[in-house]
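The values are calculated or read from the model by the stated rules, or taken from the named source; none is laboratory data. Please read all numbers here as calculations on a predicted model, not as lab measurements.
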Amino acid sequence: MAMTQQIETTDTSTWADLSGRWFFAWRMAAACEGALREVTEARAGQENPDRQMALDKVSSLLHDEMTRWVRRGEALDMIVERMPRAE
């Protein structure tokens, strides 16, 4: 008797998947915010111009990444708000 393997297709719009993505997006945004705060503090006390430029670049990259994660979290917020509620 041959056994057949059943492959399940995953629906990426399930509540658990959306909830996980939402949580991850907001946690990543918060992590970027924390790192950005630390870089800003380090940049404020930096007198070396080369290090100042490097910290400026890192700050810019972290700001862009934080903005990307916030936008993703906001988009997921809109999706979650429109999901049908179980009654």
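Pick out the one residue from 39, 80 that is over 13 Å from the mean Cα position of the chain (by Cα), at pLDDT 90 or above and not in a loop (DSSP other than H, G, I, E, B).
The conditions single out 39.
Could you check the stretch 11-31 and list, in sequence order, the residues that are of a type in the set (Lys, Arg) and modelled with pLDDT of 90 or more? The one that is of a type in the set (Lys, Arg) and modelled with pLDDT of 90 or more: 27.
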